[in-house]
1. Taking LEU152, is it on the phi < 0 side of the Ramachandran plot, in contact with a strand residue (DSSP E or B) (Cβ under 9 Å, 6 or more places away or on another chain) and surrounded by 17 or more Cβ atoms within 10 Å (Cβ to Cβ)?
2. Can you tell me how many residues within the range 132-149 are open to solvent by 60 Å² or more (accessible area, probe 1.4 Å) and in contact with a strand residue (DSSP E or B) (Cβ under 8 Å, 6 or more places away or on another chain)?
3. Are any residues in the range 157-168 within 15 Å of ASP117 (Cβ to Cβ) and either under 23 Å from the mean Cα position of the chain (by Cα) or assigned to a strand (DSSP E or B) (or both), and if so, which ones?
4. Looking only at strands (runs of 3 or more DSSP E) that fall completely inside the range 62-131, which ones have 3 or more residues that are surrounded by 11 or more Cβ atoms within 10 Å (Cβ to Cβ)?
5. Name the residue that is farthest from PRO119 (Cα to Cα), counting only residues in the range 50-61 that are open to solvent by less than 70 Å² (accessible area, probe 1.4 Å) and assigned to a helix (DSSP H, G or I).
6. Which members of the range 138-156 meet the condition of being β-branched (Val, Ile, Thr) and either part of a strand (DSSP E or B) or over 15 Å from LEU114 (Cα atoms) (or both)?
7. Select, from ILE69, ILE37, the only residue that is of a type outside the set (S, T, N, Q), in contact with a Lys or Arg (Cβ under 8 Å, 6 or more places away or on another chain) and either within 30 Å of GLN142 (Cβ to Cβ) or at pLDDT 90 or above (or both).
Amino acid sequence: KRKLKLEWERLEECRRWLAECLAPAFEEMEKVVMVSINREFDSLFRKYFNMLMESEELSVRIDEEFSPIVEQNGYEIDVNSLSGGERTSVAFAYRIALNLMVQRVCTSMKENLLILDEPTDGFSKEQIFRMREVLRELNCDQIIIVSHERELEGFVDKVFRVEKVGGESKIIT
């Protein structure tokens, strides 16, 4: 019984140490890592938004929960009150920043692939050409863009035209 009691006391001490020392240390480390990721994500989000929108009136940032916050002249505004091109710029900058952060944090992501579906909805021609600069800066090995914008054809290597024929999508040449 003494031997079992000593073993139980040792295990109880281990449980206490895990609960009172190790778990709080891991929680603190996780907070520090998440704050660091949040800062870097925020920096990337702001950078790419500013590349797309050269506006002194609009600014963006990421809050602690990784939600985008839009400010106009120093006041927070709802994303839905933005124009189509402005909303698309927020979404595009967020997706690009998120893609970069996932690649940096997930060591298992070895592929350097970015897929964008209709990324220019509501963009002006000027914003489309700014998007080109954002994509060039990403230095991504492969980018697949699904779009109806003819302007994008000028800065891609290959164009595949897809047409619905009898309810089925077909690549046309």
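1. Here the answer is yes, as LEU152 does meet what is asked.
2. 4
3. Selection gives VAL162 alone.
4. Once the strands (runs of 3 or more DSSP E) in the range 62-131 are filtered for at least 3 residues that are surrounded by 11 or more Cβ atoms within 10 Å (Cβ to Cβ), what remains is 68-72, 113-117.
5. Filtering first and then ranking leaves MET51.
6. Across the range 138-156, the qualifying residues are ILE143, ILE144, ILE145, VAL146.
7. None of the others qualify; the one that does is ILE69.
The values are calculated or read from the model by the stated rules, or taken from the named source; none is laboratory data. Values in this document were obtained by computation on a predicted structure and should not be read as measured data. Because the Cβ atoms are built from the backbone with ideal geometry, glycine has one as well, and the counts that use them run over all protein chains shown. The accessibility values were calculated without ligands, DNA or RNA, using every heavy atom of the protein model including side chains. Shrake-Rupley method; radii C 1.70, N 1.55, O 1.52, S 1.80 Å.
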